[in-house]
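Q: Can you keep this structure in mind? I'll have questions shortly.
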Amino acid sequence: MDNFLYQAQLIEEIISKQKLTKIKKDYTDISLKYRKEDINSVSVISNNNQALSYVISRMPETSVIIDDVLCKLNKIVNLKNKITSVLDLGSGTGSALWALENYVNNIDIYAVEKQEAMIKYSKELSNKLNLNINYLKEDVLSEKVKNLPKTDIVLESFMLNEMNKTDRIKTLDLMIEKSKNYVVLIEPGTPISYKKMMEDRQYLLSKNLNLILPCTHSGICPLKEDYCNFTVRISRTKTLRQIKNGFLGYEDEKYFFLIFSKEDVSKDFNSVVIRKPIYRKSCVDLKLCNKDKTIKNITITKNNKKNYVISKNLKHGDFFNFEN
Ligand SMILES: C[S@@+](CC[C@H](N)C(=O)[O-])C[C@H]1O[C@@H](n2cnc3c(N)ncnc32)[C@H](O)[C@@H]1O
């Protein structure tokens, strides 16, 4: 069965044992905290009810986002051949585990999380996944985490934005130190988050890491007053619609990510689609970030046969080359 379908079933089982009104209230509470954006060192989730609410309301979309990021990386390096171990910092209820299992099996995962309640749900949900998961209930900046073995990927998703600037830098240093090769950051697709990620980008570049994705180059980002993000569409069950007071059977979730590596990776793309393409009759409008450090809005018409075929199949977030 598809991993995310199986995850959805497990979550529905959990929901069926709970009072919907209580879940709805806890969901509203943590949503309000997350919406504050500059959370800075505040523990958004500190008890069992909030952890449960995270499982129900945030984990499905977070898993799909991480999957989307790994899918992009997998197009550049074959993860099955490259990865035998992963360190997941601020692993929460284990969203990354579900995405990772779509690309690699039977590998060693070190899941570091400071909240017991989050670990409890992570263990309960992921016990059938084909991964060797080692849990560590610790602050990511603790001595015990420093002593963990190095892993092929060091990943964090939606944890850095809970940290103040000093701890954020310390965490980036830790990620560099603990990684044998890849460093993956995944954060919300908001302007504030983007700004912080641009600082992280500069910091990691200054430490001589190679930027693989999503950028076409390692120069200063040419988006001046603007920002960039990516989107995944996540289906919502009837119960989720009730909890979130939503009407649609899906939601579009925005995120931003950065992938760095220690070894050189050849990137054979010149452009990345940074807005949802507009497909019109006989033409496609694209907003592109290009290797020559430019941002361009272009329209590809049917007359440009080869590139029109390429453009028609492009989605927001795709990286590619036009034909000359
Ligand atoms: C928004 S949740 C994200 C969980 C998971 N990474 C995901 O993508 O679903 C952030 C998690 O990071 C954890 N966290 C935040 N700061 C931490 C720290 N200093 N050490 C360990 N865990 C931390 C929180 O307890 C929380 O479970």
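Bear in mind that the values in this text are calculations on the coordinates, not laboratory data. Quick caveat: nothing in here was measured; it's all calculated off a predicted structure. All Cβ positions, glycine included, derive from the backbone under ideal geometry; neighbour counts span all protein chains shown.
Q: Could you list which residues have their amide H under 5 Å from that of THR84, counting only those 5 or more apart in sequence or on another chain, with H placed in the peptide plane?
A: ASP152
Q: Once the Cα atoms of helix 165-178 and of the chain are each reduced to a long axis, what angle between those two axes, in degrees from 0 to 90 to the nearest 10, is obtained?
A: Approximately 80 degrees, to the nearest 10.
Q: Report D for the stretch 9-128 in µm² per second (integer): Stokes-Einstein, Kirkwood Rh on Cα pairs, 10 °C, 1.306 mPa s.
A: Taking Rh from Cα pairs, D becomes 103 µm²/s.
Q: Here is a further query. Checking the a/c ratio against 1.5 first, then a/b against b/c, what shape does the Cα gyration tensor give for the stretch 45-188?
A: rounded
Q: Once you've got the Cα coordinates, tell me which of LYS33/LYS146; LYS80/LYS150; LYS195/LYS254; LYS114/LYS170; LYS82/LYS262; LYS82/LYS267 are over 22 Å apart.
A: Working: LYS33/LYS146 30 Å; LYS80/LYS150 18 Å; LYS195/LYS254 15 Å; LYS114/LYS170 16 Å; LYS82/LYS262 13 Å; LYS82/LYS267 17 Å.
The pairs that break the limit, which is 22 Å between Cα atoms, are LYS33/LYS146.
Q: Next question, about the same structure. Give, as a single signed number, the net charge of other residues whose beta carbon lies under 10 Å from the beta carbon of LYS287, with Lys and Arg counted +1 and Asp and Glu -1.
A: +1
Q: Counting only DSSP beta bridges with both residues in the chain, what percent are antiparallel, rounded to the nearest 5?
A: 60 percent
Q: Let me ask something else. Looking at the square roots a ≥ b ≥ c of the eigenvalues of the Cα gyration tensor of the stretch 118-270, which shape do they give, rounded for a/c under 1.5, prolate if a/b is larger than b/c, or oblate?
A: oblate
Q: Hey, what's the per residue convex hull volume over the C-alpha atoms of the stretch 56-107, in cubic angstrom?
A: Given the Cα convex hull of the stretch 56-107, per-residue volume reads 72 Å³.
Q: When ASP139, ASP67 are ordered from fewest to most other Cβ atoms inside 10 Å of their Cβ, what list results?
A: By the 10 Å Cβ count, ascending, the order reads ASP139, ASP67.
Q: Continuing with the same structure: Report Rg/Rh for the stretch 89-174, rounded to two decimals, where Rg is the Cα radius of gyration and Rh the Kirkwood radius.
A: With Rg and the Kirkwood Rh in hand, the quotient comes to 0.95.
Q: Treating the chain as a set of equal point scatterers at the Cα positions, no solvent, please give the Debye-formula log₁₀ I(q)/I(0) at q = 0.10, 0.15 Å⁻¹.
A: Scattering profile of the chain, log10 relative to I(0): -0.59, -1.31.
Q: Further, regarding this structure: Could you list, in their original order, any pairs among LYS137/LYS196; LYS144/LYS165; LYS224/LYS291; LYS180/LYS207; LYS180/LYS315 whose Cα atoms are separated by more than 25 Å?
A: Table pairs above 25 Å Cα-Cα are LYS137/LYS196; LYS180/LYS315.
Q: Taking the convex hull of the alpha carbon atoms in the stretch 271-320, what volume per residue do you get, in Å³?
A: Normalising the Cα hull of the stretch 271-320 by residue number yields 66 Å³.
Q: Let me ask another. Helix 3-16 against the longest principal axis of the chain: what's the angle in degrees, Cα atoms only, rounded to the nearest 10?
A: That works out to roughly 40 degrees.
Q: What is the distance in Å between the Cα centroid of the stretch 73-130 and that of the stretch 171-219?
A: The stretch 73-130 and the stretch 171-219 have Cα centres separated by 20 Å.
Q: Follow-up. For the residues VAL154, VAL265, VAL64, what sequence is obtained by ranking on other C-beta atoms within 10 Å, fewest first?
A: Values: VAL154 28, VAL265 17, VAL64 20.
Fewest to most other Cβ atoms nearby, the residues stand as VAL265, VAL64, VAL154.
Q: DSSP loop GluC sites (Glu not before Pro) in the stretch 238-324 with at most 16 other Cβ atoms within 10 Å of their Cβ, which ones?
A: GLU263, GLU323
Q: How large is ³J(HN,Hα) for each residue in the stretch 266-273, as worked out from phi by the Karplus curve 6.51 cos²θ - 1.76 cosθ + 1.60 (θ = phi - 60°), to whole Hz, x for Gly and Pro?
A: Coupling constants for the stretch 266-273: 7, 9, 9, 10, 10, 9, 10, 7 Hz.
Q: Mind checking the angle between helix 20-35 and the chain's longest principal axis? C-alpha axes, 0 to 90 degrees, to the nearest 10.
A: Relative to the chain, helix 20-35 is tipped by roughly 50 degrees.
Q: If you don't mind, there's one more thing I want to ask. How would TYR182, TYR135 line up from fewest to most surrounding beta-carbon atoms within 10 angstrom? Walk me through the numbers before you get to the answer.
A: Values: TYR182 26, TYR135 16.
Arranged by neighbour count, lowest to highest, TYR182, TYR135 become TYR135, TYR182.
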